[in-house]
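Throughout, read-outs are computed from the coordinates displayed, never taken from laboratory work. Since the model is a prediction, treat every value here as computed from it, not as a measurement. Every residue, glycine as well, gets a Cβ built from its backbone with ideal geometry; the counts of neighbours run over all protein chains shown.
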Amino acid sequence: MRILPIEPIIDATTANRFLLGIIFNQATKAERAWQAPKIIMERLGTNNLKEIVFMNPEVVEEAVGQYPAVPPFHTQYDRVFLKSCELIITKYHGDARTIWTPSCGVYDLIEKLTEFAGIGKHKAIVGIFLLMVELGVTVYDDGSKLDIAKECPSLSALYGPFDIPLLTPKPTVKKKKLVHKSTHIWQ
């Protein structure tokens, strides 16, 4: 179901852009927020996060705030952008897909996403919802609430009612019974 202009996640670059898009998704149209990371990276001349974090912060600030400015609060977002790029590199090996792969539960994903400056619980839930409905990522039902109608009524209305549950039941691992064979030697 492709409603928002979120590019499919096919590699680390598109995964990183998705994650950064969650951050930029504030006080701006969704179309602009999800394109913001791509636009900034084009202005910087690279998709490579390692190159970006070693750039002069003023260069990044200029790319974020260049007219037309991508986010409305661009003076804050340049620092958030750089901190997020650094966290993706240091904790997630430069690939945001490792945040949601292998599949995990809602609670774990919220914990991981809210580590990023600019992502609170609300944005994390919106991001998880979009990972599932737009990008087909499996998220396990761990008993946590994922109520998109409560968190973001406009997003819920955009996607309409759901006929199928979004969360996947967590697979159960069958424990093997260990059979201990004792050998007795009778003489």
> Do you know the relative contact order of the range 1-99, to the nearest whole percent, from alpha carbon pairs under 8 angstrom that are 6+ apart?
Replying inline: 30 percent
> Looking at this model, which pairs from Lys83/Lys123; Lys123/Lys170; Lys38/Lys145 are more than 28 angstrom apart at the alpha-carbon?
Replying inline: Lys38/Lys145
> So which trypsin sites (Lys or Arg not before Pro) in the range 24-56 pass both tests, a DSSP loop state and at most 11 other Cβ atoms within 10 Å of the Cβ?
Replying inline: Lys29
> Given the options Leu158, Leu82, Leu146, which has the most mean-square fluctuation in a GNM of the chain, springs set between C-alpha atoms less than 10 angstrom apart?
Replying inline: Leu158
>> Assuming 0.36 nm per residue, please report the length gained on full extension of the stretch Thr172 to Leu158 beyond their Cα-Cα distance.
In response: 1.6 nm
> Counting other C-beta atoms within 10 Å, which of Asp11, Asp95, Asp141 has the fewest, and how do the rest follow?
Replying inline: Asp11, Asp141, Asp95
> In the set (i) 26, 23, 14; (ii) 38, 23, 13; (iii) 41, 20, 15, which value of semi-axes √(5λ) of the Cα gyration tensor in Å was calculated from the structure you see?
Replying inline: (ii)
> What is the chain's relative contact order, in percent, from Cα pairs under 8 angstrom and six or more apart in sequence?
Replying inline: 19 percent
> Going through the range 80-162, which chymotrypsin sites (Phe, Trp or Tyr not before Pro) have at most 13 other Cβ atoms within 10 Å and a DSSP loop state?
Replying inline: Phe162
>> I want to check the label-to-label distance for Thr46 and Asp141. Put each point 7 Å from Cα in the C-beta direction and report it in nm to one decimal.
In response: 4.6 nm
